[in-house]
Amino acid sequence: MNLIDAIILAVIEGLTEFLPVSSTGHMIIGSSFMGIADKDFTKLFTIVIQLGAILSVVVLYFKRFFKSFNFYYKLIIAFIPAAIFGFLFSDYIDKLLENPLAVAISLLVGGIILLFVDKWFNKPVYLEEEEIDYLTALKIGFFQCIAMIPGVSRSGASIVGGMSQKLSRQVAAEFSFFLAVPTMFAATAKKLLDYFKDGNTINSEQIKILAVGNIVAFIVALIAIKSFIGYLNKNGFKLFGYYRIILGLILIILLVSGYDLKVV
C-alpha cells in the first residue's frame, strides 16, 4: 500500500462509516480494485483508520460525552452483544470479509430494506437520547451485531434497530454514532493485537500511512456526519437504498461474469 492508496481508502472510510451503506464493504471493494485487498497491512489499515472516524464523533458531540454517567452505561450495554458475538465468531467474520460476493448480496438486501424503513417506522415516540432506556440500548446492540456480515452496514443496522424501538431518525442516527466509539475502538484494539500476535511488524513508512489515513478519515467523517443528519431529517433512507441496490447488482454481475475483484 502506498500513500495514494491510503488516502483513497481513508476518504471512502470517512464518507461511508456513518452512512447506511457499509464502510467495510466499500473498503473491501476499493482495496480489491487496487489489488491490495489480500495484504495483511491493508486489512489492518482498514480497521485502524476507524479511529479517525471515531474522533470526529467525539469532537462533534463533545458535550454529550461529558453529560452524565448514564450516557456511558447505555453505550456499554449496547456494546455488549457485539463484544460477545465478535469474540465467538471472529474467525468466521474474517473469512466473510474476504468474500466480495457476500458484500454484494448484503448491499443488495440491505438496500431493499432501506426503501421501506421510513414507512415501517414512521411514528417515533422518543425524540431525545435521554429517553432511551437500558433495554432499548441492549436491543439496538443486538441489531448492530447483524453488521458483522460485511456489506450490511454497522450504522445502518443500528439506526434501523433504533427506529424499530420508536426512536426518531435523528436520535437513532446519533445513538448509532455514539455506539460506534466503543465498538470501533474495541475492533481496532483486537485487530492490532492479532496483527502483532501473528508475528507482523509495522515500519516507519507504515506508521506514516496509518497517521495520514486517520487524519483524512477524521476530516471527511466530520463533513459526512453533518451532511447525513441534515439529509436524513429531510429525505429519509430511500436514496441510500437505491444506491446500495445498484452497487450490489453491479458487483453481482461482475462476479458472476468471472471478474475477480481480488486480483485486479
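The values are calculated or read from the model by the stated rules, or taken from the named source; none is laboratory data. Not measured: the values here are computed from a predicted model. Positions of Cβ are backbone-derived with ideal geometry, glycine not excepted, and every protein chain shown enters the neighbour counts.
Annotations
- Only listed residue being out of contact with any Phe, Trp or Tyr (no Cβ under 8 Å at 6 or more places or on another chain) and either at pLDDT 90 or above or closer than 18 Å to Ile76 by Cα (or both), chosen from Lys208, Lys197: Lys208
- Residue satisfying condition, being part of a helix (DSSP H, G or I), of a type in the set (D, E, K, R) and within 28 Å of Pro100 (Cβ to Cβ), within set Lys208, Lys190: Lys190
- Odd one out for Val160, checked against (1) surrounded by fewer than 22 Cβ atoms within 10 Å (Cβ to Cβ); (2) modelled with pLDDT of 90 or more; (3) among the aliphatic types (A, V, I, L, M): (1)
- If only residues of the range 103-146 that are among the hydroxyl-bearing types (Ser, Thr, Tyr) and assigned to a helix (DSSP H, G or I) are counted, the one that is farthest from Gly161 (Cα to Cα) is Ser106.
- Across the range 147-173, the number of residues qualifying as touching a helix residue (DSSP H, G or I) at 6+ places or on another chain (Cβ under 8 Å), of a type outside the set (A, V, I, L, M) and not in a helix (DSSP H, G or I) comes to 4.
- Looking at Ala217, Ala224, just one residue is assigned to a helix (DSSP H, G or I), under 18 Å from the mean Cα position of the chain (by Cα) and either of a type outside the set (A, V, I, L, M, F, W, C) or closer than 24 Å to Ile93 by Cα (or both), and that residue is Ala217.
- Exactly one residue out of Ser106, Ser90, Ser56, Ser68 is within 17 Å of Ile219 (Cα to Cα), out of contact with any His (no Cβ under 7 Å at 6 or more places or on another chain) and not aromatic (Phe, Trp, Tyr): that is Ser56.
- Qualifying residue in the range 254-262 (condition: closer than 27 Å to Lys74 by Cβ and surrounded by fewer than 17 Cβ atoms within 10 Å (Cβ to Cβ)): no
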